[in-house]
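Single-structure report; data block below.
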Protein chains: 2
Amino acid sequence: MQNSDAMALSAALLAVAGELTQRIHDGVVARGFEGLRPAHGFAFSRLAPDGATVTELAAHLGVTKQAASQLVDEIVRKGYAERRPHPGDARARLVVLTERGWACTRAAEEAAAEAVRRWAEVLGEGEVRALWGNLGQIAPGGPIRPAW
Amino acid sequence: MQNSDAMALSAALLAVAGELTQRIHDGVVARGFEGLRPAHGFAFSRLAPDGATVTELAAHLGVTKQAASQLVDEIVRKGYAERRPHPGDARARLVVLTERGWACTRAAEEAAAEAVRRWAEVLGEGEVRALWGNLGQIAPGGPIRPAW
DNA sequence: CTGAATGGTCAACCCGCTTGACCATAAACC
DNA sequence: GGTTTATGGTCAAGCGGGTTGACCATTCAG
């Protein structure tokens, strides 16, 4: 495999990633959730299970805790999450999704499913599963950083 | 395929895209090209064949022409490209890569190849080619936008 | 030849993120 | 127990890359 092939593969991957992000974002907006940026989705995915502290969120997103704090301010102000006292650590505050936050998360899932369905139309369901499997194996575990 | 599966696939794709971008960027820096951001790579890829005007570059990157103009200023100042009069249109100026710009592009290709090689170690060469083929089919043709 | 359209730049502003300082609570240590 | 160090969080100021708006030069359409 030549270097130029690797570049072509990279370009395709990044193009798909960019378009996917756009489609999910558009889909979320179309379902009535406004004032959000794609980065918020990654925050939601970290908050979803059991909530998280600002510091944990910052690590997940790969930004400073100040930036994460601002982001939390924003989604709290817009009604997607709320801050609660942290059980067992009076310094920390647990950020959890509100019902509206959950609804938005479900909307994002629907939008993602729509985008993936388009791929299945082109590749077939089997290839999409193969894609999933392959990507899952090479996906890193670290913080989710903006692609560029 | 369930919505949550689509979300898992999306998350994996975006994680891989983010890591790939980081690795290419790191590799370029390691080869001695500093002061560049990932976005510059996408500009280079558009300039590479025969150069481009600021407006074409703006369309390719999905930003305003003012932003593209600033970006060109930067890579010109750092010696990666130069502005030339456009043959056949006195308003336009053709932005072309310098030799250093070409060297940087080759460095990026090497870094991409390194990253892809890691995938091949996990998936095998055949699956990587399959990945390439599948991504190539679903990749959009439009402007390359930052993932988020 | 005139008026609209296009390529490009300059200027002001916005917004998200960073660095640096600081307070409150927790954990570590004598 | 009391002091020191580390950790969670916020406030404030500044930076950097982007946007909008205005403008000039050249080209194209009538």
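Taken over the range B:23-68, the criterion of being of a type in the set (Lys, Arg), within 17 Å of B:Leu94 (Cα to Cα) and more than 10 Å from DNA strand D (Cβ to nearest atom) is satisfied by B:Arg46 alone.
Table: residues versus (1) within 10 Å of DNA strand C (Cβ to nearest atom); (2) out of contact with any His (no Cβ under 8 Å at 6 or more places or on another chain); (3) closer than 30 Å to B:Leu131 by Cα.
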site	(1), (2), (3)
A:Ser45	no, yes, yes
A:Ala52	no, no, no
A:Glu56	no, yes, no
A:Leu61	yes, yes, yes
A:Thr64	yes, yes, no
A:Arg100	no, yes, no
A:Glu110	no, yes, yes
A:Arg117	no, yes, yes
A:Gly126	no, yes, yes
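A:Ala12 passes every criterion in (1) closer than 24 Å to A:Gly141 by Cβ; (2) under 16 Å from the mean Cα position of the chain (by Cα) apart from (2). May I ask you to verify whether A:Thr64 is hydroxyl-bearing (Ser, Thr, Tyr), closer than 21 Å to B:Glu19 by Cα and within 7 Å of chain B (Cβ to nearest Cβ)? The answer is no for A:Thr64. The residues of the range A:74-83 that are more than 8 Å from DNA strand C (Cβ to nearest atom) and under 21 Å from A:Ala108 (Cα atoms), listed by number, are A:Ile75, A:Val76, A:Arg77, A:Lys78, A:Gly79, A:Tyr80, A:Ala81, A:Glu82.
Pairs linking a residue in the range B:108-133 that is at the interface with another protein chain (Cβ under 7 Å from one of its Cβ atoms) to a residue that is hydroxyl-bearing (Ser, Thr, Tyr), with Cβ atoms under 6 Å and 6 or more positions apart or on different chains, are B:Ala112/A:Ser10. Against the test of being of a type in the set (A, V, I, L, M), touching a residue at least 12 places away in the same chain (Cβ under 8 Å), touching a helix residue (DSSP H, G or I) at 6+ places or on another chain (Cβ under 7 Å) and within 14 Å of DNA strand D (Cβ to nearest atom), the options B:Leu14, B:Leu71, B:Leu20 yield a single qualifying residue, B:Leu71. Out of curiosity, is A:Ser4 among the hydroxyl-bearing types (Ser, Thr, Tyr), within 7 Å of chain B (Cβ to nearest Cβ) and open to solvent by 30 Å² or more (accessible area, probe 1.4 Å)? For A:Ser4, the condition - among the hydroxyl-bearing types (Ser, Thr, Tyr), within 7 Å of chain B (Cβ to nearest Cβ) and open to solvent by 30 Å² or more (accessible area, probe 1.4 Å) - is met.
The values are calculated or read from the model by the stated rules, or taken from the named source; none is laboratory data. What you see is a predicted model; the values in this text were computed from it and never measured. Ideal geometry is used to build each Cβ from the backbone, glycine not excepted, and the neighbour counts take in all protein chains shown. To get the accessible areas, we keep the full protein, side chains included, count just its heavy atoms, and leave off ligands, DNA and RNA. Shrake-Rupley method; radii C 1.70, N 1.55, O 1.52, S 1.80 Å.
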